[in-house]
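No value in this document is a laboratory result; all are computed from the given coordinates. Since we're looking at a predicted model, the values are computed, not measured. No Cβ is skipped: glycine too gets one built from the backbone with ideal geometry, and neighbour counts run over all protein chains shown.
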Amino acid sequence: MHLAQLNVAHLREPLDSLTLADFVAALEPINALSDAAPGFVWRMKGGEGPTDTIRHDYGDDLLVNFSIWESRETLWNFVYRSAHLPVMRRRLEWFHRATEPYTVMWWVPEGYRPSLAEAMARLSVLRAEGAGPEAFTFREFYDSSEAASRPAAAEVRK
Amino acid sequence: MVSDDLESMSALGDPVRRALYRFVSERGRDVGRNEAAEAVGVQRTLAAFHLDKLVEAGLLEAGFRRLTGRTGPGSGRPAKVYRRAREERSVSLPPRDYRTLALVLAETVDLLGGEEKAEEAARRAGKRLAAQAAPEEASGEAGDLAEVLRERGYEPYEEEGRIRLRNCPFHVLAESHPLLVCSMNAALCEGLLAGLGETGVSAALDPRPGECCVAFTRAAATPEAFANPEASQNTGASENPRASKNNED
């Protein structure tokens with residue numbers, strides 16, 4: 001099983017504004033870092049350009065980041081133990097403070113590529129019901145055996 | 001829990017074992033029996049006996065590894081190697097539980113959105129710690145940064161002109177609230193520098209798996225350490241985390 005993660009953030013200003021300039025400048029090196037990170041499997045891209053962000057129908061101010069990793073540890077090491085951390089430290093310059101869970105994880109079969117609609121549904125489940133085997137977080141983590149033993153729960157409505 | 005930890009630590013009552021534990025911990029990598037025996041100045045068999053006692057006590061972990069670099073038939077049996085156990089031990093008499101309260105306070109900072117205040121407080125705490133570390137030098141004479149970091153449990157080591165930190169003294173909190181705790185730790189380290197009067201050194205978030213999130217760079221070492229333009233870009237961003245916000249203001 002591989003670990004899928006989605007995180008969303010509401011932009012303070014449009015991506016082409018001065019406020020977001022440093023964030024946009026960090027996209028290429030940080031995406032390159034993620035793609036070369038141990039345990040990285042896949043990420044949804046908005047296009048072939050290094051600073052293209054994922055296009056979607058959930059609002060112009062919503063930035064989404066959606067990727068798949070081999071394990072909790074490899075995702076953790078990229079998010080918190082790499083040059084990604086100092087960039088994330090500046091998040092409040094660029095994004096509104098989150099008032100509800102903004103990141104969700106779940107286990108997927110190897111080779112499976114979930115749709116963004118499924119990922120957003122997982123986030124809704126987390127927000128509505130709290131963490132469980134089908135939608136969880138780093139702090140309230142469920143390992144893959146717990147998810148596999150509850151196939152009904154893993155088959156979240158898409 | 002307390003009695004288990006106390007039992008583990010009683011294994012360190014023997015001075016040879018203490019020396020072996022310290023040696024293996026400070027290496028920060030796998031250590032073989034010969035190397036440990038030589039460093040501590042005892043026979044290999046005696047070192048092996050004590051190292052295995054430390055494994056039994058849960059203070060060290062053992063594994064097998066080829067130390068020669070050769071592989072395949074004829075390369076010999078893998079050697080037994082030791083490293084510090086990851087699990088932390090603490091004994092407090094009378095019983096104290098600062099961890100639970102610290103976790104509750106970290107959660108409170110998150111709920112209140114108080115990370116900027118938390119970083120300011122951490123910076124002040126760093127200054128105070130620097131002053132305590134060098135009371136007789138409080139008049140402005142700089143204390144020794146590496147020594148202060150060692151006393152604070154960071155286990156500093158040199159790498160390419162920078163000081164890196166092998167151990168995170170706030171590990172449990174950094175696992176539960178990484179962004180808050182690493183940001184506070186960076187601020188605390190900046191406070192230490194200010195308190196020690198180390199103006200030629202900067203602290204920046206540069207995390208690595210299994211280590212502390214902060215690295216120190218001396219001004220003179222900057223061009224070399226940042227020869228890679230990408231690294232320079234990332235580090236530049238981290239050194240002044242709120243730069244663009246301040247510009248807006």
Per the Kirkwood formula on distinct C-alpha pairs, the Rh of the range A:19-158 is how many angstrom?
-> 16.2
So for the range B:2-84, what are the equivalent ellipsoid semi-axes in whole Å, largest first, each being the square root of 5 times an eigenvalue of the Cα gyration tensor?
-> 25, 14, 10
Taking placed amide H atoms and a strict 5 Å upper bound, the residues 5 or more places from residue B:167 or on another chain that come that close are B:155, B:212
The range B:1-110: GluC sites (Glu not before Pro) in DSSP coil with no more than 11 other Cβ atoms inside 10 Å = B:87, B:88
Checked the range B:88-192 with the C-alpha gyration tensor, a ≥ b ≥ c its square-rooted eigenvalues, rounded below a/c of 1.5, otherwise prolate if a/b is larger than b/c and oblate if not; verdict prolate
Can you give the helix-only mean residue ellipticity at 222 nm for chain A, where every DSSP H stretch with n ≥ 4 adds -39500 (n - 2.57) and the sum goes over all residues, rounded to the nearest 500 deg cm²/dmol?
-> -10000 deg cm²/dmol
So what are the radius of gyration and Dmax for the Cα set of the range B:157-219, in Å?
-> 11.5, 33
Sorted from fewest to most neighbouring beta carbons within 10 Å, what does the list B:52, B:206 look like?
-> B:52, B:206
In Å³ and rounded to a whole number, note down the convex hull volume per residue for the Cα atoms of the range B:39-110.
-> 185
Over the alpha-carbon set of the range A:77-116, work out the extent along each principal axis and list the three values in angstrom, largest first.
-> 36, 25, 13
Tell me, A:112, B:154 in order of fewest to most beta-carbon neighbours within 10 Å?
-> A:112, B:154
